[in-house]
Amino acid sequence: MSQIGENLLKATTLLESDELVGIPTETVYGLAANALSDKAVIKIFEAKNRPTFNPLIVHVVDVNAIHKYAEFDPISLQLAEAFMPGPFTLLLPKKPIISDLVTAGSPKVAIRVPNQITTTKLLMLLTFPLAAPSANPSGYVSPTTAQHVLEGLKDKVSYILDGGQSEVGLESTIVEVKNNQIILHRIGAISVEQMEKITGLKVVVNEPSDHPASAGQMKSHYATKTPLYRGDIDQLIQQYEDKNIAIISFKKLYEGLKKGHQYILSPNGDLKEAAKHLFEVMRCIDEFHFDIIITELFPDEGLGRAINDRLERALAINKS
Ligand code: TXA
Ligand code: MG
């Protein structure tokens with residue numbers, strides 16, 4: 001039987017038996033397991049080849065359900081009510097029911113309410129929340145379709161629920177409220193401006209580091225196999241003229257390079273559309289075995305910032 005499908009009952013049964021299921025979300029696909037079962041959660045780390053010091057996000061059906069697993073402060077609650085369900089994750093003090101395996105020993109748990117109909121239905125059928133990182137082998141680009149999950153994880157995942165292509169295409173915004181300050185750990189579709197408008201507080205940006213346990217984010221991530229360079233595209237084309245180049249551009253077609261080697265994320269200059277297609281394009285270029293990828297800085301606004309963040313982490317100079 002096919003590993004990809006829309007059978008919610010099958011997904012439920014597998015999850016109840018501590019197996020792994022790929023789930024669609026509006027951001028990217030997740031690799032899900034029963035968050036209350038260490039036996040199930042450990043399988044996530046094994047399947048992704050992910051170090052156990054890198055904690056997992058817990059997915060719940062609605063804001064109300066969060067109270068069972070974590071403690072709210074007033075600012076976090078305000079943010080939750082404004083942006084959940086949605087591409088938004090909160091770090092909150094965990095209740096004892098959440099194990100140290102899920103949080104990698106941290107007293108805080110990352111929680112999110114996905115906004116994707118198939119996964120909402122699944123969560124409604126389950127009596128437990130789902131621990132789920134992005135459903136890619138550790139370090140590689142996140143999946144935005146069920147097929148991507150299968151390509152990356154093969155028989156390491158029992159079943160993948162198909163919910164079509166992820167609408168947002170980039171991972172959730174992650175924040176933490178500490179001493180009445182909002183700290184941004186990862187930028188996604190919920191912007192700094194949106195959070196500042198709702199709370200009236202300034203958002204402090206936590207710079208990425210090589211210590212995921214402290215920052216929740218590694219500097220090098222989301223990386224293509226093909227080395228990626230960013231800068232002025234015309235200049236880079238000249239600099240690497242002896243190479244077989246692929247271009248990821250926002251909206252412009254460049255002269256002096258075959259059309260088929262250029263991946264324009266949104267000819268109309270729509271950042272939402274660009275974000276939705278970024279990871280798919282990165283995967284596609286890897287399959288065609290180009291020597292290098294050249295890209296540019298996207299506009300420093302809204303989803304452009306999240307796109308720039310992901311490209312920054314994928315840069316050849318950030319890969320060790
Ligand atoms: O959009 C998303 O957030 C997707 C979908 C599947 O929900 N999930 C996702 O998970 O991107 P993952 O594991 O690929 O990225 C989550 C990030 C990791 O960098 C992890 O270190 C951080 O969140 N994180 C998770 N729990 C944390 C915690 N308790 N404290 C600090 N950082 C945490
Ligand atoms: Mg990930």
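The values are calculated or read from the model by the stated rules, or taken from the named source; none is laboratory data. Keep in mind the model is a prediction, meaning the values are calculated, not measured. Backbone-built Cβ (ideal geometry, glycine too); neighbour counts: all protein chains shown.
Annotations for the structure displayed:
- Residue check for P85: exposed (fewer than 15 other Cβ atoms within 10 Å of the Cβ) and in a loop (DSSP other than H, G, I, E, B): no
- Residue satisfying condition, being over 24 Å from D162 (Cβ atoms) and either at pLDDT 95 or above or assigned by TED's automatic domain parsing to the domain that holds E16 (or both), within set P114, P96: P96
- Residue match in region 166-179 (condition: over 21 Å from L303 (Cβ atoms), in contact (Cβ under 8 Å) with a residue 12 or more places away in the chain and more than 13 Å from ligand 2 (Cβ to nearest atom)): yes
- Test: residue in region 114-124 that is over 26 Å from V281 (Cα atoms), loosely packed, with under 15 Cβ neighbours inside 10 Å and more than 9 Å from ligand 1 (Cβ to nearest atom): yes
- In region 125-135, residue surrounded by the most Cβ atoms within 10 Å (Cβ to Cβ) [restricted to those that are touching a Leu at 6+ places or on another chain (Cβ under 8 Å) and assigned to a loop (DSSP other than H, G, I, E, B)]: A135
- Among the residues examined, P133 qualifies as within 16 Å of ligand 2 (Cβ to nearest atom) and on the phi < 0 side of the Ramachandran plot.
- For region 60-76, taking the residues that are buried (at least 17 other Cβ atoms within 10 Å of the Cβ) and not β-branched (V, I, T), the one that is farthest from ligand 1 (Cβ to nearest atom) is identified as F72.
- Within region 187-226, tally of residues that are modelled with pLDDT of 95 or more and in a strand (DSSP E or B): 2
- If the condition is being within 16 Å of ligand 2 (Cβ to nearest atom) and either of a type in the set (F, W, Y) or more than 14 Å from the chain's Cα centre (by Cα) (or both), then region 104-130 contributes A104, L130.
- Number of residues in region 137-150 that are outside any strand (DSSP E or B), surrounded by fewer than 24 Cβ atoms within 10 Å (Cβ to Cβ) and within 16 Å of ligand 2 (Cβ to nearest atom) equals 4.
- Criterion (under 22 Å from the mean Cα position of the chain (by Cα) and without any contact (Cβ under 8 Å) to a residue 60 or more places away in the chain) met by exactly one of F45, F88, F72: F45
- Any hit, region 151-158, residues being away from ligand 2 (no atom under 16 Å from the Cβ), of a type in the set (S, T, N, Q) and not in a loop (DSSP other than H, G, I, E, B): no
- Residue in region 50-59 that is among the hydrophobic types (A, V, I, L, M, F, W, C), more than 30 Å from Q194 (Cβ to Cβ) and more than 16 Å from ligand 2 (Cβ to nearest atom) present: no
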